[in-house]
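Encoded as structure tokens, the structure appears first; notes follow it.
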């Protein structure tokens, strides 16, 4: 990224804290976190509910450690899973030092943004106007004026995709961190476990390949981890969806496995299996069982 990492830490005057990244679905929260860390720790797609967990990414320099908390997009829930994802996002707001409120500059500041803004504490919230690449200066200024009604603490136009404007944003967040300890080892980039990462990579590729055919009805989890052998279970809600995930002659599943293996170390044996867990999004016990 932008703030250079250092291997040697100075305890004197060290600062640390937590920054939650919040916003509506598809505003680019996960892309922003990956850009800040210069490391892919969370999957991205243009689908709502892509992020289903609180995911922590850690940026450490000689002077400061910032723990960024990526959250699910907040929207009007239609299922118990949607309720749970909103709960996860809300719970991230209580104990953080800074909130990055990400708004999609291309979509404009709308009712969903205002709904979320009402949950935020103005004095510790920064508006991050994302996706400004491709917009004119006048268009960006118009969106900044629209968000200025919130009277939050700061406003930054950025492009999480290209990195434009991200360095000043992170420098500002670093300046806001209070005195504190090193919460994570200096070399750590995320607290996400490897098994979780692999399962998410499988879900990411399913979202990319299947697109509108299977928007929310898929979940993934690692059910066997005996390195280098990894077995990932893909869960859908109906038998008809199982056929979609597998594809004709197993072609879709094969394509997913190939794409995921390219992101894993050489020699990994990845097995994908598809099972039906009927209406799991509506079942609180199933949602908890899947780790949401």
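Each value in this text was obtained by applying a stated rule to the coordinates, not by laboratory testing. What you are looking at is a predicted structure, and each value in this text was computed from that prediction instead of being measured. Counting neighbours? That spans all protein chains shown, and the Cβs are built from the backbone with ideal geometry, glycine included.
Any chance you could run the full-extension gain for residue 288 through residue 186? It's 0.36 nm times the residue separation minus the Cα-Cα distance, nm to one decimal.
Values: separation 102, 0.36 × 102 = 36.72 nm, distance 3.20 nm.
Gain on stretching residue 288 to residue 186: 33.5 nm.
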What is the order of 188, 177, fewest Cβ neighbours within 10 Å to most?
188, 177
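By the gyration tensor of its Cα atoms, with a ≥ b ≥ c the square roots of the eigenvalues, what is the shape of segment 144-190: rounded for a/c under 1.5, prolate for a/b over b/c, or oblate?
Values: a/c = 3.29, a/b = 1.63, b/c = 2.01.
Oblate.
Of 27, 192, how do they rank once you tally other Cβ atoms within 10 Å and put the fewest first?
Lowest to highest Cβ neighbour count: 192, 27.
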Could you state the number of Å between the C-alpha centres of segment 140-195 and segment 251-281?
33
Under a plain spin-label model, where a point goes 7 Å from the Cα along Cα-to-Cβ, how far apart in nm are residue 278 and residue 121?
4.7
Rough spin-label spacing in nm, given labels placed 7 Å along Cα→Cβ, for residue 153 and residue 95
1.9
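Given axes a ≥ b ≥ c from the Cα gyration tensor, I'd like to know whether segment 133-292 is rounded (a/c under 1.5), prolate (a/b larger than b/c) or oblate.
Prolate is the answer for segment 133-292, as a/c is 1.5 or above and a/b outweighs b/c.
Arrange the following residues from fewest to most other Cβ atoms within 10 Å of their Cβ: 227, 161, 280. List each step's numbers first, then the result.
Details: 227 10, 161 17, 280 22.
Ranking 227, 161, 280 by Cβ neighbours within 10 Å, fewest first, gives 227, 161, 280.
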Classify segment 194-289 as rounded, prolate or oblate from the Cα gyration tensor: take a ≥ b ≥ c as the square roots of its eigenvalues, call it rounded if a/c is under 1.5, otherwise prolate when a/b beats b/c and oblate if not.
oblate
